[in-house]
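A short worksheet on the structure shown next.
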Amino acid sequence: MIHIKSLNIILIVIVGAIVGLLLYGLNFYNNLQTKVQGIDSQWAQVETQYQRRFDLIPNLVNSVKGIFTQEQKVFGDIAEARTRYSGAQSVDEKVAAAGNLDSALSRLLVIVENYPNLKSDTAVASLMDELAGTENRVSVERRRFNEVVQDYNTTIKRIPGSFLASLFGFKERAYFQSVSGAEKAPEVKF
């Protein structure tokens with residue numbers, strides 16, 4: 001009798017441990033799914049701000065375009081970056097296209113700064129203010145995106161989560177990073 005009672009206790013402990021591990025695994029899986037949805041949602045916020053930027057840029061370009069015939073390359077670069085962004089399929093492609101737009105837009109802003117009569121135009125000034133506000137929003141949303149990616153990546157890299165994450169097929173997500181050369185101020189020569 002004592003032997004059977006000990007086996008029953010051992011069996012209950014084993015079943016309890018298995019059930020506990022299964023519940024932990026399910027909870028971990030659901031937690032990762034929540035984090036993935038958070039990353040996707042935050043990326044949508046970044047894209048919303050990019051769209052706002054892309055909607056403002058043509059107005060700014062058109063306000064400035066007639067005055068600058070020698071700066072047509074900048075306008076072409078902006079149009080090309082917008083086209084690349086709209087045709088991008090992955091987050092990485094969109095990040096690269098956004099970086100190209102950042103570079104061209106920086107050159108345009110330098111051009112506007114170098115022409116005081118253009119800066120004083122109320123339409124251009126208003127668009128510049130809107131664009132500056134949008135750039136701040138983009139920066140905030142990029143930072144938030146990187147924060148949720150960091151949280152997710154940390155979760156799937158820590159033990160025992162790393163084992164379960166690989167078992168469930170969760171992979172590390174990429175951070176939003178600036179394109180190379182973004183640390184250099186744009187140079188415009190006249």
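Is it the case that residue 40 is modelled with pLDDT under 80, in a helix (DSSP H, G or I), surrounded by fewer than 19 Cβ atoms within 10 Å (Cβ to Cβ) and among the acidic types (Asp, Glu)? For residue 40, the condition - modelled with pLDDT under 80, in a helix (DSSP H, G or I), surrounded by fewer than 19 Cβ atoms within 10 Å (Cβ to Cβ) and among the acidic types (Asp, Glu) - is not met.
Filtering segment 111-142 to residues that are at pLDDT below 75, charged (D, E, K, R) and either part of a helix (DSSP H, G or I) or touching a strand residue (DSSP E or B) at 6+ places or on another chain (Cβ under 9 Å) (or both) leaves 113, 119. Restricting attention to segment 148-156, does a residue exist that is under 18 Å from residue 57 (Cα atoms) and either modelled with pLDDT of 85 or more or loosely packed, with under 12 Cβ neighbours inside 10 Å (or both)? No, because not a single residue in segment 148-156 is under 18 Å from residue 57 (Cα atoms) and either modelled with pLDDT of 85 or more or loosely packed, with under 12 Cβ neighbours inside 10 Å (or both).
Table: residues versus (1) closer than 27 Å to residue 149 by Cα; (2) surrounded by 12 or more Cβ atoms within 10 Å (Cβ to Cβ); (3) at pLDDT 75 or above; (4) small (Gly, Ala, Ser).
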residue	(1), (2), (3), (4)
59	no, yes, no, no
63	no, yes, no, yes
67	no, yes, no, no
85	yes, yes, yes, no
90	yes, no, yes, yes
98	yes, yes, yes, yes
104	no, yes, yes, yes
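Only one of the listed residues (145, 176) is modelled with pLDDT under 85 and aromatic (Phe, Trp, Tyr). That residue is 176.
The values are calculated or read from the model by the stated rules, or taken from the named source; none is laboratory data. All of these numbers come straight from a predicted model, not from anything done at the bench. Using ideal geometry, Cβ is built from the backbone for each residue, glycine included, and neighbour counts are taken over all protein chains shown.
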